[in-house]
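Please treat every number below as a calculation from the coordinates, not as lab data. All of these numbers come straight from a predicted model, not from anything done at the bench. No Cβ is skipped: glycine too gets one built from the backbone with ideal geometry, and neighbour counts run over all protein chains shown.
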Ligand SMILES: [Zn+2]
């Protein structure tokens, strides 16, 4: 139930500005699509590769987690998927 104002948006893509952990396949300026969930990676379902069934999953734009409609988000690298270089983004005009 939505009890207070929140940011919307659960489908998102963008450019990487900074990487805060050791990863080999992504670098700043790469463009990525973001999977709108964060799984715990500690439960049985996550350890068996069925992270979509994680009982502790947080999903963007689902209270109390705000959505992606923002200029910047911090997101786990395991939920970032590199896009082809040829994919271009249009700038949002408000
Ligand atoms: Zn889990």
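Projected label points at residue 88 and residue 57, each 7 Å from Cα along the beta carbon direction, are separated by 3.5 nanometres.
Would you mind ranking 11, 4, 48 so that the residue whose beta carbon has the fewest other beta carbons within 10 Å leads the list? Show your work: numbers first, answer last.
On the way: 11 12, 4 6, 48 9.
Exposure proxy ranking, most exposed first: 4, 48, 11.
For the chain, the pair-distance distribution built from all alpha carbon pairs, in bins 10 Å wide starting at 0, is 15, 40, 36, 10, 0 percent. Considering only alpha-carbon pairs that sit under 8 angstrom and 6 or more positions apart, the relative contact order computed for the stretch 12-82 is 32 percent.
Annotation: extensible slack from residue 41 through residue 11 equals 8.6 nm (criterion: 0.36 nm per residue apart, minus Cα-Cα distance).
For the chain, a Gaussian network of Cα nodes joined below 10 Å ranks 21, 39, 79 by mean-square fluctuation, and the top entry is 21.
Approximating the spin labels as points 7 Å out from Cα along Cα→Cβ, the residue 74-to-residue 21 distance works out to 1.3 nm.
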